[in-house]
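**Student:** Shown below is the structure under consideration.
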Amino acid sequence: MAIETNVGDGNGNDLKKRRCGCSKQDFLPEDSFQSWTSYVNALSNTKSRLKDRLLARSMDHVELHEMRARSQHEMKKTLTWWDLIWFGMGAVMGSGIFVLTGEAARNHSGPAVVVSYFISGITALLSVLCYTEFAIELPVAGGSFTYLRVELGDFIAYVSAGNILFEYVVAGASVARSWTSYLATLFNHAPDSFRFHVSSFSEHYSHLDPIAVAISVVIGIAAGISMKGSARFNSAATIVQLVVILFILIVGLTKADPNNYSDFAPNGIPGILKASSILFFAYVGFDGVATFGEEIKNPGRDIPIGLIGSMLVIITVYCLLAATLCLMQPYSQIDVNAPFTLAFKAVGLKWAHYIVAFGALKGMTTVLLANLVGQSRYFTHIGRTHMAPPFLAHINERTGTPANATIMMTILNSIVAFFTSLEVLANLLSLATLFIFSMVALALLVRRYYAKGETTSCDRNKLVGFLVLILASSIANAVYWAVGKNGWIGHVVTVAVWFLATLGLKLLVKEAKKPKLWGVPLVPWLPSASVAINVFIMASVDGASFMRFVVWTLVLLVYYIFIALHASYDAAKEIEETRATATNLEGGARG
């Protein structure tokens, strides 16, 4: 990797010299890590530094200007609303629709899976609205990390970012290995036939997958060379996938049997809601598109059209596909693992499974691309804050892309994808995304109702109280559902508390800030509903995922206490000193 250093030319001038390799300064350039003495001194001040940074909130102008300046070069503004629509669809429409539909329809909702898709789609749309307002106001590479850092503070942003990056890597590795499996089925082979089995390795890590590594590397190279080129490839691949989906709809409906809808909702409302909680994960991926803010030509116009427009298309497509599947085959006969492929076989169209597999392969390719592009930009902004090694913040001057972060994430994705089975990876997914969505909606409420120096202490206290009630009632409602209580009284009480808390926020707390260009409508109702629904869906996540979340968060806390806290503290003080110096110079010039 290329590193720039300053060297003298003998005449007192500094010249930039390029060299290859990495040094400690690329990873830990802060004052706290310049010697063992300085590091021990930093550790001795952990308590005071933790107190300083725990709830420290950044500011819009810091993220928009001072943080971005740390990358030395700017990302190229090449994307329009048209690119964002295709990226939004490419990021979301992967293999999820071809896999999750079978389990949801057969085991939970029956033909009412179309209703479940609509409910989970509207839930995802609420999160999209929250992301859209933030992305317009703060069009930077950090996405949700930036939004939380500005509104909820450094610590919550760090924990959230660490968990979402873990899920990005797991998701990327999962899709890469699924890519190999679908490629094998496309050539009439078993899913593991293109992998090498090493019997001396542990069972879940013994099927080595060089194809997953190869596709990850190819996608990484494409993402690192050009963002506009990546956008064009994504658009072309997504168009091909839409053609395949159109084929499924047209050909599938020629085999439709309305009698399959005679038992529309066999498990009633509980079955529909359970299916909705499963199908929500088919809509995940749009949050990565929010990290493209620095590369969008006109954020105020392009982001709402791109993010909201793509989600509306996705909801429509998913509902149509689900309806078609249940018209082709009775829900009790739908295969859980390959619903569309075997549905076509069941109606005598065995050859169609090649087209379905090809469409899934194309979908996974665009998901891989969008995932990696989002990962690298997320990591870039974290590097700017020094919560991650700052060499990750570097933007390549020629390509205008975050080269170092792209390389790093490609390596991580490839290592995990090469060794780890899909079964292990599937058990690691799901919780952090819901946690982040809830936090972003909560942060939006803070942004609208709290402005430092303007909001009175009375309004601030009422805001905190109402937010605590919204969170507590949402958690109580989810727990009541998770423990399997069939009575409705508990839900009536918790929903009533949520409603009254949201109403109190609306009526009793003065709104402190209006969005400049575009804002979420019906505030605080829609963000509050987003919090409640995302927390409710968390109740469907298995206990192993919660344990993973806790364990990984503890690992993040160890890194934070010993490294990230001191690095970000030094970086923040550097900004304060620079600002103070600039103010003094400005004052001296006026004098």
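The values are calculated or read from the model by the stated rules, or taken from the named source; none is laboratory data. Small disclaimer: the values here were computed from a predicted structure and weren't measured. No Cβ is skipped: glycine too gets one built from the backbone with ideal geometry, and neighbour counts run over all protein chains shown. Quick note on the areas: whole protein, heavy atoms, side chains included, nothing else; ligands and nucleic acids left out. Shrake-Rupley method; radii C 1.70, N 1.55, O 1.52, S 1.80 Å.
**Student:** So, counting K/R as plus one and D/E as minus one, what does the shell of residues with Cβ under 15 Å around THR101 add up to?
**Tutor:** So the surrounding residues net to 0.
**Student:** Still on this model: Taking θ = phi - 60°, what integer Hz values does the Karplus form 6.51 cos²θ - 1.76 cosθ + 1.60 yield along segment 102-107, in sequence order, with x for Gly and Pro?
**Tutor:** Working through the residues one at a time gives x, 4, 5, 6, 6, 9 Hz.
**Student:** Remind me, relative contact order of the chain in percent, using alpha carbon pairs under 8 angstrom and six or more residues apart?
**Tutor:** Reported relative contact order: 26 percent.
**Student:** Additional query: Taking a ≥ b ≥ c as the square roots of the eigenvalues of the Cα gyration tensor of segment 394-530, is the shape rounded (a/c under 1.5), prolate (a/b larger than b/c) or oblate?
**Tutor:** Oblate, because a/c is 1.5 or more while a/b does not exceed b/c.
**Student:** Calculate the length of the line joining the C-alpha centroid of segment 511-549 to that of segment 359-407, in whole Å.
**Tutor:** Segment 511-549 and segment 359-407 have Cα centres spaced 25 Å from each other.
**Student:** Then there's this: Over segment 221-337, calculate the relative contact order: mean separation of alpha carbon pairs under 8 Å at least 6 apart, over the residue count, as a percent.
**Tutor:** In percent, rounded to a whole number, it is 47.
**Student:** Through the Karplus equation 6.51 cos²θ - 1.76 cosθ + 1.60, θ set to phi - 60°, convert the phi angles of segment 551-557 into ³J(HN,Hα) values in whole Hz; use x for Gly and Pro.
**Tutor:** 5, 5, 5, 5, 4, 4, 5
**Student:** Using the Karplus curve 6.51 cos²θ - 1.76 cosθ + 1.60 with θ = phi - 60°, work out ³J(HN,Hα) for each residue of segment 532-540 in order, rounded to whole Hz, and write x for Gly and Pro.
**Tutor:** Ordered by residue, 3J(HN,Hα) equals 4, 6, 5, 5, 4, 5, 4, 5, 8 Hz.
**Student:** In degrees from 0 to 90, rounded to the nearest 10, what is the angle of the helix 210-225 Cα long axis to the longest principal axis of the chain?
**Tutor:** Helix 210-225 and the main axis of the chain meet at about 50 degrees.
**Student:** Then there is this: Taking 0.36 nm per residue of separation and subtracting the Cα-Cα distance, what length does fully extending LYS513 through TRP488 add?
**Tutor:** Roughly 5.2 nm would be gained on extension.
**Student:** Looking at segment 479-555, which trypsin sites (Lys or Arg not before Pro) are in a loop (DSSP not H, G, I, E or B) and have at most 14 other Cβ atoms within 10 Å?
**Tutor:** Sparse-neighbourhood loop trypsin sites (Lys or Arg not before Pro): LYS485, LYS510, LYS516.
**Student:** Can you tally the net charge around TYR168? Count Lys and Arg as +1, Asp and Glu as -1, for every other residue whose Cβ sits under 14 Å from the Cβ of TYR168.
**Tutor:** Result for the neighbourhood of TYR168: -1.
**Student:** State the percentage of accessible surface on segment 321-478 attributable to carbon and sulfur atoms; use a 1.4 Å probe and exclude ligands, DNA and RNA.
**Tutor:** 65
**Student:** Quick check: from the Cα gyration tensor, does segment 217-376 come out rounded (a/c under 1.5), prolate or oblate?
**Tutor:** Note, shape of segment 217-376 comes out prolate.
**Student:** While we're here: Can you tell me the orientation of helix 268-279 relative to the chain, as the angle in degrees between its alpha-carbon axis and the longest Cα principal axis, to the nearest 10?
**Tutor:** For helix 268-279, the angle is close to 50 degrees.
**Student:** Next up: Less than 15 Å Cβ to Cβ from TRP518, Lys/Arg counted +1 and Asp/Glu -1: what total charge do the surrounding residues give?
**Tutor:** +3
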